[in-house]
1. Quick check, is residue A:165 surrounded by fewer than 22 Cβ atoms within 10 Å (Cβ to Cβ), away from ligand 2 (no atom under 16 Å from the Cβ), among the hydrophobic types (A, V, I, L, M, F, W, C) and part of a helix (DSSP H, G or I)?
2. State which residue pairs qualify: first residue within 14 Å of chain B (Cβ to nearest Cβ) and inside the range A:30-53, second residue away from ligand 2 (no atom under 16 Å from the Cβ) in any location, beta carbons under 6 Å apart, and separation of 6 or more residues or different chains.
3. Which condition from (1) under 23 Å from residue A:150 (Cα atoms); (2) of a type outside the set (Lys, Arg); (3) open to solvent by 20 Å² or more (accessible area, probe 1.4 Å); (4) in contact (Cβ under 8 Å) with a residue 24 or more places away in the chain is the one that residue A:212 breaks?
4. Restricting attention to the range A:129-162, which residues are within 14 Å of chain B (Cβ to nearest Cβ), assigned to a helix (DSSP H, G or I) and more than 19 Å from residue B:166 (Cα to Cα)?
5. Might you let me know whether the range A:87-110 holds any residue that is without any contact (Cβ under 8 Å) to a residue 12 or more places away in the chain, touching a helix residue (DSSP H, G or I) at 6+ places or on another chain (Cβ under 7 Å) and in a helix (DSSP H, G or I)?
6. Please work out which residue is most open to solvent (accessible area, probe 1.4 Å), limiting yourself to the range A:90-114 and to residues that are out of contact with any strand residue (DSSP E or B) (no Cβ under 7 Å at 6 or more places or on another chain) and facing chain B (nearest Cβ under 8 Å).
7. Please go through the range B:170-186 and pick out each residue that is facing chain A (nearest Cβ under 10 Å) and without any contact (Cβ under 8 Å) to a residue 60 or more places away in the chain.
8. Mind listing whichever residues of the range A:65-76 are under 12 Å from residue A:189 (Cα atoms), touching a helix residue (DSSP H, G or I) at 6+ places or on another chain (Cβ under 8 Å) and within 10 Å of ligand 1 (Cβ to nearest atom)?
Amino acid sequence: MIVAETLAPRLSEDIIESRAPAHIKVNELAIYYGKKLAVNGISLSLHRGKITALIGPSGCGKTSFLTTLNQLSKLNNQVTVTGEIHFDGENLTQNNVDLLSLRRRVGMIFQKPNPFPLSIFKNLDIPLKEHGFKNRAERIEKIENALKAVGLWDEVKDRLNTSALSLSGGQQQRLCIARALVLEPEVLLMDEPCSALDPISSGIVEELISSLRDKYTVVIVTHNLAQAKRISDYTAFFWTQNGAGKLIEFNNTRQLFSGPKDERTAAYISGIKG
Amino acid sequence: MIDRAFSLGIYAIIALVIATFGWIIGDVIIKGISVVSWEFLISEPEDAGRAGGIAPILVSTLYVLIIALVIALPLGISAAIWLAEFSQNQSHTLHVGIILDVLAGVPSIVYGLFGNAFFCIYLGLGYSLLSGGLTLACMILPVFIRTCESGIRSVQSDWRLGGLALGMRRSVVIWKILLPAAQPAIIAGLILSIGRATAETAALLFTSGYVDRMPESIFDSARVLAVHIYDLTMNVTGGDETAYGSALILIVLIILLNTLAQGFIDSWFKRSGHYR
Ligand SMILES: Nc1ncnc2c1ncn2[C@@H]1O[C@H](COP(=O)(O)OP(=O)(O)OP(=O)(O)O)[C@@H](O)[C@H]1O
Ligand SMILES: [Mg+2]
């Protein structure tokens with residue numbers, strides 16, 4: 001009985017591992033703002049082609065964790081990161097990572113849609129140019145494909161040269177997803193991508209994210225537990241403990257929601273806490 | 001009741017300001033229009049400026065302005081970018097900001113003295129259009145930098161982050177996204193600078209001088225419009241009429257230059273395809 005209990009979680013983890021290989025492997029990650037510890041104890045694997053949801057109350061370090069994965073955290077020179085993030089044979093917490101190509105491979109979508117104040121076309125064209133696509137015909141093809149992938153093509157094909165800011169919020173967010181997709185990333189980080197949208201747009205974007213499964217490894221922060229349950233394959237639960245965020249539980253979504261191992265997880269998902 | 005009195009008061013003040021402004025402009029137009037003619041623009045001054053035209057003075061003014069802008073524009077925008085985007089050290093930024101604000105408030109005559117000591121004497125440029133232009137550049141830079149800096153700072157940081165998160169180089173994000181978005185502030189700074197530079201007397205008296213001959217190169221000493229007006233009103237009896245004529249030209253010139261600058265920046269940014 002005792003043996004079975006100690007073995008059981010490890011066993012299920014192992015099975016998961018073998019089914020979906022880790023795309024990014026995080027080991028004992030801790031993040032500091034200045035001297036203040038913001039999050040620690042993050043060890044988890046982001047599985048290739050799967051959607052991983054990060055849930056937890058405000059201020060528990062979800063955004064902080066997310067931005068270490070594309071090293072956007074480097075912009076703030078107060079931030080120090082310890083531990084390991086293994087991505088494609090590289091440890092991202094080391095200093096010699098090529099940030100530009102990393103960020104091309106690991107795209108990010110923000111809470112508030114942030115299309116550039118440019119035409120719809122240029123929003124996708126400028127990043128492509130920046131990453132060395134010199135051939136215009138090739139860029140046009142890529143842009144069309146990206147816009148089709150987010151279901152925006154039919155809506156905007158006749159007005160590619162109008163301002164991206166004239167789109168609705170939901171369309172803007174899909175444009176931002178297209179802008180990330182056009183660079184053919186492997187991983188997509190999304191920080192509450194639906195929370196600034198109306199329910200209908202939110203539903204459309206959620207469906208879109210769901211459709212990205214298998215092709216991309218997606219990490220999505222959401223405060224909407226129902227959403228996490230609907231679209232994610234894995235869920236990581238963060239919680240603030242002694243003033244610092246901590247990864248409390250990580251499991252496949254069905255198991256985490258049906259049988260949480262930690263009582264804080266249980267309380268949070270049943271809406272008692274947080 | 002108090003509300004009414006308040007808004008009446010505001011209207012009265014606005015009317016007063018507009019009336020004063022209108023009176024000054026009207027005065028200049030009425031007294032100056034009689035001497036202004038094509039002939040006035042293309043001929044040399046005669047009899048210490050009492051008669052003749054202002055051709056060499058117009059040319060000198062444009063020279064000085066172009067020198068000042070060619071130097072201040074790129075330098076100012078770069079400095080603003082550095083302050084708003086690159087300077088990581090908060091206290092450095094703060095100190096530089098304070099210094100700029102102090103410099104912006106320094107009277108122009110002090111810039112004149114500095115320009116005379118540094119450009120004319122120390123660098124050996126003598127009284128010349130170049131010295132004058134450089135001095136003007138120093139004078140307009142502080143305000144121009146501060147205006148551009150606050151413009152760049154106020155651009156949504158979402159765009160900055162969005163660009164960087166796409167793996168774009170920082171320089172490209174600044175050049176293609178932030179600067180065009182800061183365009184209104186840059187234009188405002190430019191218009192302020194052009195206005196100040198065109199109307200400047202004190203800073204140029206000791207640096208570009210007051211010789212009213214046609215300049216042959218930027219190393220020649222020459223007289224700009226504002227100095228010409230000053231000279232005619234203060235030192236030349238009977239020069240009032242041509243002084244008013246020159247003042248009228250000065251006002252028209254400033255309006256013209258501002259329109260031009262705005263059009264220039266507009267078309268520059270239009271090519272980058274920005275929307276608001
Ligand atoms: N730039 C910063 N400087 C200092 N501390 C910060 C900074 N950004 C975040 N923190 C701190 O780090 C901790 C984690 O913040 P983070 O934004 O990652 O949380 P979050 O889980 O994304 O919250 P939310 O759900 O509200 O978005 C918080 O205690 C926060 O105060
Ligand atoms: Mg957050």
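1. On the way: surrounded by fewer than 22 Cβ atoms within 10 Å (Cβ to Cβ): yes; away from ligand 2 (no atom under 16 Å from the Cβ): yes; among the hydrophobic types (A, V, I, L, M, F, W, C): yes; part of a helix (DSSP H, G or I): yes.
Considered against the rule, which asks whether it is surrounded by fewer than 22 Cβ atoms within 10 Å (Cβ to Cβ), away from ligand 2 (no atom under 16 Å from the Cβ), among the hydrophobic types (A, V, I, L, M, F, W, C) and part of a helix (DSSP H, G or I), residue A:165 comes out as yes.
2. Pairs found: A:34/A:78.
3. It fails just one condition, (3).
4. The one that is within 14 Å of chain B (Cβ to nearest Cβ), assigned to a helix (DSSP H, G or I) and more than 19 Å from residue B:166 (Cα to Cα): A:159.
5. no
6. Of all residues in the range A:90-114, those out of contact with any strand residue (DSSP E or B) (no Cβ under 7 Å at 6 or more places or on another chain) come to A:90, A:94-96, A:98-104, A:112-114.
The next check asks that each one be facing chain B (nearest Cβ under 8 Å); those that pass are A:99-104, A:112, A:114.
Working: A:99: 46, A:100: 62, A:101: 51, A:102: 7, A:103: 13, A:104: 66, A:112: 108, A:114: 4 Å².
The residue in question is A:112.
7. B:172, B:173, B:177
8. If we filter the range A:65-76 for residues that are under 12 Å from residue A:189 (Cα atoms), which is where we start, we get A:65-72.
Now drop any that are not touching a helix residue (DSSP H, G or I) at 6+ places or on another chain (Cβ under 8 Å), which leaves A:67, A:70-72.
Across the range A:65-76, the qualifying residue is only A:67.
The values are calculated or read from the model by the stated rules, or taken from the named source; none is laboratory data. As the structure is a computational prediction, the values presented were derived from the model and not from experiment. FYI the Cβ positions are ideal-geometry reconstructions off the backbone, even for glycines, and counts take in every protein chain you see. Surface areas here come from the heavy atoms of the whole protein model, side chains and all, with no ligands, DNA or RNA. Shrake-Rupley method; radii C 1.70, N 1.55, O 1.52, S 1.80 Å.
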